[in-house]
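**Student:** The structure's right below; bear with me while I get my questions together.
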Amino acid sequence: MIDADFRRELELEATRLGFDRVGIAPAVEPDDHVHLLAWLDRGDHAGMAYMKDRAEARAHPRSILDGVRSVVMASLVYGRGQAASSDPRRGRIARYAQGADYHVVLRSKLESLLAWVRERIPEAGGRAVVDTAPLLERDFARRAGLGWIGKNTMLIDRRLGSYTFLGALLVDVDLPADSPHASAHCGTCTRCLDACPTDAFRGPYQLDARRCISYWTIEHKGDLPDAVADRLDDWVFGCDVCQDVCPWNRKAPPARDPSMTPDPERVAPDLIAWIESDPKTFARGLVGTALERTKRRGLIRNALAGLTARHVVEALPAVERLLDDPEPVVRAAAARAFERLGRVASTSNADDLDARDASRSS
């Protein structure tokens, strides 16, 4: 029987599977679809053409599952990351990508939850959705009572903060819906907007991907414009700045799921070691991680930008070897890095000579 007891049992099963929160929303048109269309009209999606191509599919979850009646939203904490390293040759990877590939982890848990639902409701049909289907997950998470959408466009849970993954289970039966999260708790705070190193926010709730570090380091496939490459700092995959400064993340809990434990190789990676690595070995190391989306060419491109922005002249020998890399994107990034780092090295050598001459004359 589908009643309040079912809802409680669903929550217990979701918790047993490792989820931190679960809620149920009716399968209706999401409130944020109109905002999505306006975002696309402004061109704020940058080069993510797939967002525009599938815009209408996001108007209702029936585009994913015919006859869908309910959307079960589940969240999984992955935990906050570490502070930036003081070593200029070290890079930063967004915390969500430091553990196992969340697509695999969440899909497995959602499939298990769907099997549990079908045991109790044999006639139920469903589909597990993790990030790749045209669903406005944050909107449905808010409708399911899991939190509010903050000024940095992230879903914020009062207890869990925003370092969480969202997964959805679409089912074609009516389940008892939770009350939507009707209030927001950002108040007058604008720390996320003010802290963004590239001014990617037009204002509260308005992210321009054309200025976003996460977009350029993950989604963009070609060479990086100079103006962008110079502002990535040490980020080589994603960015956590707008989450790191959020007061709601001060007491955010660590991840409970062991698969979310950071891989030491992805915590402050040595970028010179990256660019010196064998291409095939490096690419194999990305398999089964979220970094696989950007591929070797994008990550090495980002590493070169980071080393250049931080004037790591000791990288020059490794950079020079990449001038003949088989990947055009890597060659272009290496040429830029070699020219700029070479200029820095020349200036430093000239300064050293001047200093020695001054010392002799005194």
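The values are calculated or read from the model by the stated rules, or taken from the named source; none is laboratory data. These figures come from a predicted structure and were not determined experimentally. All Cβ positions, glycine included, derive from the backbone under ideal geometry; neighbour counts span all protein chains shown. These area figures cover heavy atoms from the full protein model, side chains too; ligands, DNA and RNA do not enter into them. Shrake-Rupley method; radii C 1.70, N 1.55, O 1.52, S 1.80 Å.
**Student:** Is the chain best put as rounded, prolate or oblate by its Cα gyration tensor, with a ≥ b ≥ c the root eigenvalues, rounded for a/c under 1.5, and otherwise prolate when a/b is larger than b/c, oblate when not?
**Tutor:** On the way: a/c = 2.27, a/b = 2.14, b/c = 1.06.
Judged from the Cα gyration tensor, the chain comes out prolate (a/c at least 1.5, a/b above b/c).
**Student:** Treat each spin label as a single point 7 Å out from the Cα along the C-beta direction, and report the GLU111 to ARG250 distance in nm.
**Tutor:** Modelled inter-label distance: 4.2 nm.
**Student:** With the cut-off at 1.5 for a/c, could you classify the range 94-196 from its C-alpha gyration tensor as rounded, prolate or oblate?
**Tutor:** Oblate, because a/c is 1.5 or more while a/b does not exceed b/c.
**Student:** I've got another one for you. Can you tell me which lysines have their Cα less than 16 Å from the Cα of LYS280? Leave out same-chain residues fewer than eight positions away.
**Tutor:** Straight-distance partners of LYS280: LYS295.
**Student:** Which ³J(HN,Hα) values in Hz, rounded to whole numbers, follow from the phi angles of the range 9-17 under the Karplus curve 6.51 cos²θ - 1.76 cosθ + 1.60, where θ = phi - 60° and Gly and Pro get x?
**Tutor:** Couplings: 5, 4, 5, 4, 5, 4, 5, 4, 6 Hz.
**Student:** Given a Förster radius of 56 Å and the C-beta distance between ASP278 and ARG42 as r, what FRET efficiency does 1/(1 + (r/R0)^6) yield to the nearest 0.05? Working shown, then result.
**Tutor:** On the way: r = 43 Å, r/R0 = 0.76.
According to the calculation, E is roughly 0.85.
**Student:** Show me, for the range 153-163, the HN-Hα J-couplings you get by feeding each phi into the Karplus relation (A = 6.51, B = -1.76, C = 1.60, θ = phi - 60°), rounded to Hz, glycine and proline as x.
**Tutor:** Calculated HN-Hα couplings, in order: 6, 8, 6, 10, 9, 4, 8, 9, x, 10, 7 Hz.
**Student:** Given +1 on the Cβ of Lys and Arg, -1 on the Cβ of Asp and Glu, and no further charges, what dipole in debye does the chain carry about its Cα centre, rounded to the nearest 20?
**Tutor:** 300
**Student:** Given the options SER162, ILE149, THR188, identify the residue whose Cα lies farthest towards the positive end of the charge dipole of the range 137-195 (+1 on Cβ of Lys, Arg; -1 on Cβ of Asp, Glu).
**Tutor:** The Cα lying farthest towards the positive end belongs to THR188.
**Student:** Tell me, what % of the accessible area of the chain is carbon and sulfur with a 1.4 angstrom probe?
**Tutor:** So the carbon and sulfur contribution to the accessible surface is 51 percent.
**Student:** Find the accessible area per residue for the range 1-109; the probe is 1.4 Å, ligands and nucleic acids are left out, and the unit is Å².
**Tutor:** Ligands and nucleic acids excluded, the result is 47 Å² per residue.
**Student:** Compute the accessible area per residue over the range 190-298, keeping the other protein chains in place, probe 1.4 Å, unit Å². Each step should come with its number before you reach the end.
**Tutor:** On the way: 5370 Å² over 109 residues.
Here the per-residue accessible area is 49 Å².
**Student:** A follow-up question, please. Taking 1 over the mean of 1/r across every pair of different Cα atoms in the range 132-185, what Kirkwood radius in Å do you get?
**Tutor:** One over the average 1/r among Cα pairs gives 11.9 Å for the range 132-185.
**Student:** Mind ranking 49-56, 319-326, 93-100 by how tightly packed they are, going by the mean number of other C-beta atoms within 10 angstrom, highest first?
**Tutor:** 93-100, 319-326, 49-56
**Student:** Please give every one of the lysines within straight-line cross-link reach of LYS52, meaning a C-alpha to C-alpha distance under 18 Å, and leave out same-chain neighbours fewer than 8 residues apart.
**Tutor:** Excluding near neighbours in sequence, the set is LYS221.
**Student:** By residue number, which cysteines of the chain lack any other Cys whose Cβ falls under 4.7 Å from their Cβ?
**Tutor:** CYS186, CYS189, CYS196, CYS212, CYS239, CYS246
**Student:** What residues have an amide H closer than 5 Å to that of TRP148, excluding those fewer than 5 places away on the same chain, when H is modeled at 1.01 Å from N in the peptide plane?
**Tutor:** Close amide H contacts, sequence-distant or interchain: ILE156.
**Student:** Sequence-distant or interchain residues sharing an amide H contact under 5 Å with ASP20, placed H: which?
**Tutor:** Excluding prolines and chain starts, which carry no amide H, the hits are SER75, LEU76, VAL77.
**Student:** Assign unit charges at the C-beta atoms only (+1 for Lys and Arg, -1 for Asp and Glu), then state the dipole size of the range 137-272 relative to its Cα centre in Debye, rounded to the nearest 20.
**Tutor:** Numbers: 16 positive and 21 negative charges, 137 e Å.
The calculation lands at about 660 debye.
**Student:** Where both partners of a DSSP beta bridge lie in the chain, what percent of those bridges are antiparallel, to the nearest 5?
**Tutor:** Numbers: 24 of 26 bridges.
Percent antiparallel among DSSP bridges in the chain is about 90.
**Student:** With a ≥ b ≥ c taken as the square roots of the eigenvalues of the C-alpha gyration tensor of the range 1-135, please select rounded if a/c is under 1.5 and otherwise prolate if a/b is larger than b/c or oblate if it is not?
**Tutor:** Taking the square roots of the gyration eigenvalues as a ≥ b ≥ c, the range 1-135 is oblate.
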